[in-house]
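Q: Starting off with a structure, shown below.
The values are calculated or read from the model by the stated rules, or taken from the named source; none is laboratory data. This one's a predicted model, so the numbers in the text were calculated from it and none came from an experiment. Positions of Cβ are generated from backbone atoms using ideal geometry, with glycine treated the same way; all protein chains shown enter the neighbour counts.
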Amino acid sequence: MADDATSAWDPCATISTFLTLSDLSAAQNAPNPTFSKHDQCDYETPVLRLLADTRAKGYRRVCVPLTTEKWRRRWEEMCLVSEAVEGGDVFDVLHGEGKERRKEEKARAAEAWRLAPGFRRDEVTITRLDEAEGVVAMISDWLELDSSDDGVRHDAEIALQQELAYATYLNINTAILPAPRNRNHVASYARIVSACLARSPYISLSVRLPIYNPEVFNHPGSPIAAFHPASPALSVSSQGLQTGAGGTPRTPSLVVSEVGESSGHGHGQGPGQGGSGASLNATWEMWDVIRSMCDYNPRLTLTLDLTPALPTTLGVLSKWAAESVRHIFLPSSTFIANTKGYPVLPKPTQQFIRDSMIHQPTIILGGVGEGHHSRGGEAAYTQYVRHLEKTSPAVQAVKKEGTVENFAKGYQDYLQAPLQPLMDNLPSITYQTFEQDPVKYALYEEAMYRAFLDHPAGEKIVVCVAGAGRGPLVARCFNALNRARREATVMAVEKNSNAFVTLQERKQKEWGNSIHLIFGDMRVIDVPEKADILVSELLGSFGDNELSPECLDGAVRFLKPNGISIPSSYTAHLAPLSSSKLYNEARSTKNEKSLETPYVVMFQAVNILSGTKATIDGRCGPQVQECWEFEHPRREAVLDARGLPFTNSHNARSATMRFYIPHAGTLHGLAGYFEAVLYGNVGLSIHPHRKDQVSKDMLSWFPLFFPFKEPLYLPSNSELQVSIWRLTNERQVWYEWHAESFICVPALTTSPTEEQLLAQSGSFPSTPSFSSFAMSAPSPLADSRENLYLDTARLGVGDGNGGVTHEIVKIGHTSLHNPGGRSSWIGL
């Protein structure tokens, strides 16, 4: 069976297959079956027998077309006029009164159908509940929901609702929709889908799309055409989604508007590449319109068609990681034969499938029983997909004990409110969760060990652990002292009265008189003697978001003049992020505050939108950029008589960052990370590019997610400016954030004034301006003549070589989020 190889493996993906109308017809016309000794069931219908045979091969789900060709013919006879149909086999061409009578009969039949849509028995493929069990309905692919003809589009919508109503009647919970084909009318397609979601509340809809427009490879000017020549399997006609041999659906063809396909400028994009980029982004942009107009409905998902070969070097594929991809369609024509004749996938497709496995997709195999490859048979395709799953680094990381991915299993893309450690006393289970992180505490021990070694042997060392919790840092401190062969006085400060009980028990059973426990808030209590080393673990996912700076402002009073803090410094970092899932989760409460609240999230279905490298001209920084830094102890602090700062204004911060966006995407939020220096070159990091070098498999912190209330579309080769503030008053600390988008365009050589433009158009006003009246003083508003175009001298960006000058044009922005801490804050 297809899944025998997975008996000892917990698979992430579901393998399904696509049954064509030819398969169903063959089952209907098959002679009486001969059953094996293991199969004594006498199935009541040919469809039940076919489905049973399919599941016996290991397929968990089966994709079945819901309607037959008879339904298509009847619909066309009712809804299409004869002159618009070529071939003459749909309508009989009649003349005179007969023709008019025939037209009237068809018009009446169409109106009757529109009034009460319904199928005849021979127009549907399945009729029973048991036949529909485990079935994914394939909606008729010839329905043109984005037709340029209003009448065709209207009747296609009725037909779609009819099919969905029938699928709901059969208790089918998922239907795959025909692909949109016309970019100019994708809004009409999206409106229809939105209406269907509203009318059919118990079924999920999935839009089938190729991962890019395959016709880009037919364009001679395409830079990738030479690497992926057009395949005969991609041939299309005006009917859009066509069927190949055996009725297997081919890749939908998209009619992409020429608008927006001009060459890009300002970021090194050469002439002629703009059109290719637009084509490669075309299907995602159509999907972006559809899901946005459907208000990010969680019942709307994607079916990605991988029929065409994928690009090898272009980074346009990463955007799909942030989308709700439910199914991946893999026809047998996508596979190539290896040297032994077995089916394998091209390397780019292999990598895409491996990366997609972490999202637990349903892989739909089509045409695998048609013998396209000489070795392996039908089972070889499933075995190969399972091989890709098992060799997926993301899947391996989830299944490996001790990794962050394994630790966070079940919490991916789950929004968690950050802790309020000063306002709340943490429960023991929270402490226990954090204490499961061996990496963090090993690094803390190493930092203390190196700090102890820097003190001469025999010197008295005083160590203060501020915020001791249940004592993990205290235990590591004693380990480090033993390793370094040093003696020290150890103090532990803790404000949580419940955790303080655990500390007392550990002192009694483990540490004895070698530790001095102090109960109270580190910001106000005193300690019996000054410390050489202050150790704390107060960091949050953004470094300072759990008020480490404010806490340590009080605790550094415990230090001697030359004392040190572990950690000694930490930095906050940001990157622009796209994730329809996180956006949906953040707004699911229907409370505006939820979209102005930072969340702790283990990212999975996300895409970092920014480019991996800074731009040559220096305007845009790297993919993940630093916001600000905190250092401890603060040597320049102005303190009162108790050693405390007068205000908290010194802990306010702000940052403005500019990111280059190489590929079109939708901004849903900001990803926040931190890095900390503990001591010397020992540190902690959740920075996506450096975490494996600094603190691999550290479990204690997930990134922070700053959501945006309004998704912001970012075109290819655009720029994003992000502003973020850390603000404070005497009671609270909060963040505010905002984003603006820009694009680089060729600068105009002249800036015509309003008068010149009006004079050229012949519409210059003949009446005098208000300023010409003697009774009126000149007005700086009414009489000023503002250029209708941007000041290119002010915004101009040259190429550095005296070539074409460009200007930066603003194209969008978000609102200011969380002003005054109205929705989220951390209490002091």
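Q: What's the total number of residues in segment 397-426 that are closer than 17 Å to Arg470 by Cα and without any contact (Cβ under 8 Å) to a residue 12 or more places away in the chain?
A: Adding up the residues that qualify gives 1.
Q: Right, another one. Could you tell me how many of the residues in segment 294-327 are assigned to a strand (DSSP E or B), hydrophobic (A, V, I, L, M, F, W, C) and over 16 Å from the mean Cα position of the chain (by Cα)? Before you say what the answer is, go through the steps one by one.
A: Our first condition is that a residue be assigned to a strand (DSSP E or B); within segment 294-327, this holds for 300-305, 325-327.
Applying the additional criterion that residues be hydrophobic (A, V, I, L, M, F, W, C) yields 300, 302, 304, 325.
Narrowing further to those that are over 16 Å from the mean Cα position of the chain (by Cα): none.
Summing the residues that are assigned to a strand (DSSP E or B), hydrophobic (A, V, I, L, M, F, W, C) and over 16 Å from the mean Cα position of the chain (by Cα) in segment 294-327 gives 0.
Q: If you check Pro711 against the conditions, is it at negative phi and modelled with pLDDT of 95 or more?
A: In short, yes.
Q: Still on this structure, I have one more. Please find, within segment 414-440, the residue that is nearest to Glu596 (Cα to Cα) out of those that are of a type in the set (Val, Ile, Thr) and within 29 Å of the chain's Cα centre (by Cα).
A: So, considering only residues that are of a type in the set (Val, Ile, Thr) and within 29 Å of the chain's Cα centre (by Cα), the one nearest to Glu596 (Cα to Cα) is Thr430.
Here is a yes/no grid of residues against (1) assigned to a strand (DSSP E or B); (2) over 26 Å from the mean Cα position of the chain (by Cα); (3) crowded, with 18+ Cβ neighbours inside 10 Å:
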position	(1), (2), (3)
Leu143	no, yes, yes
Gly151	no, yes, no
Ala165	no, yes, no
Asn171	no, yes, no
Ile176	yes, no, yes
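Q: Something else: Please enumerate the residues belonging to segment 691-710 that are free of Cβ contacts under 8 Å to residues at least 60 places away in the same chain and not polar (S, T, N, Q).
A: Residues satisfying the conditions are Lys691, Asp692, Val694.
Q: Restricting to segment 595-622, what's the tally of residues that are over 16 Å from the mean Cα position of the chain (by Cα), modelled with pLDDT of 90 or more and among the polar types (S, T, N, Q)?
A: Total satisfying the criteria: 1.
Q: Kindly list, by first and then second residue, each pair from a residue in segment 812-824 that is among the hydrophobic types (A, V, I, L, M, F, W, C) to a residue that is not in a loop (DSSP other than H, G, I, E, B), limited to pairs with Cβ atoms under 8 Å and residues at least 6 apart or on different chains.
A: Leu816/Glu736; Leu816/Trp737; Leu816/His738
Q: Could you identify the single residue in Asn545, Asn482 that is among the polar types (S, T, N, Q) and outside any helix (DSSP H, G or I)?
A: Asn545
Residue-by-condition table, conditions (1) assigned by TED's automatic domain parsing to the domain that holds Ala137; (2) of a type in the set (Val, Ile, Thr); (3) over 26 Å from the mean Cα position of the chain (by Cα):
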| site | (1), (2), (3) |
| --- | --- |
| Thr339 | yes, yes, yes |
| Glu370 | yes, no, yes |
| Ala380 | yes, no, yes |
| His387 | yes, no, no |
| Val395 | yes, yes, no |
| Gln412 | no, no, no |
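Q: Related question: Which members of segment 328-378 meet the condition of being on the phi > 0 side of the Ramachandran plot, touching a residue at least 24 places away in the same chain (Cβ under 8 Å) and touching a Gly at 6+ places or on another chain (Cβ under 9 Å)?
A: Gly341, Gly367, Gly376
Q: Taking the condition of being closer than 18 Å to Asn729 by Cα and in contact with a Phe, Trp or Tyr (Cβ under 6 Å, 6 or more places away or on another chain), how many residues in segment 641-671 meet it?
A: As a first pass, look at segment 641-671 and keep what is closer than 18 Å to Asn729 by Cα: 644-654.
Going one step further and asking which of them are in contact with a Phe, Trp or Tyr (Cβ under 6 Å, 6 or more places away or on another chain), we end up with 653-654.
Looking only at that region, the number is 2.
Q: Still on this structure, I have one more. How about segment 614-640: which of its residues are outside any strand (DSSP E or B) and without any contact (Cβ under 8 Å) to a residue 40 or more places away in the chain?
A: Taking segment 614-640 and keeping what is outside any strand (DSSP E or B), we get 614-624, 632-638, 640.
Those that are outside any strand (DSSP E or B) and without any contact (Cβ under 8 Å) to a residue 40 or more places away in the chain: Gly618, Gly621, Pro622, Arg635, Glu636, Val638, Asp640.
Q: Answer with yes or no whether Thr168 is touching a strand residue (DSSP E or B) at 6+ places or on another chain (Cβ under 7 Å) and either modelled with pLDDT of 95 or more or under 27 Å from Ser22 (Cβ atoms) (or both).
A: Criteria not met by Thr168.
Q: For segment 14-118, which fully contained helices (runs of 4 or more DSSP H) count at least 3 residues that are modelled with pLDDT under 80?
A: Counting at least 3 such residues, we get 96-115.
Q: Considering only residues that are in a loop (DSSP other than H, G, I, E, B), in contact with a Gly (Cβ under 6 Å, 6 or more places away or on another chain) and surrounded by fewer than 21 Cβ atoms within 10 Å (Cβ to Cβ), which ones fall in segment 496-536?
A: Arg523
Q: Please verify whether segment 366-373 includes one or more residues that are crowded, with 20+ Cβ neighbours inside 10 Å, touching a Pro at 6+ places or on another chain (Cβ under 7 Å) and within 27 Å of Leu302 (Cβ to Cβ).
A: yes
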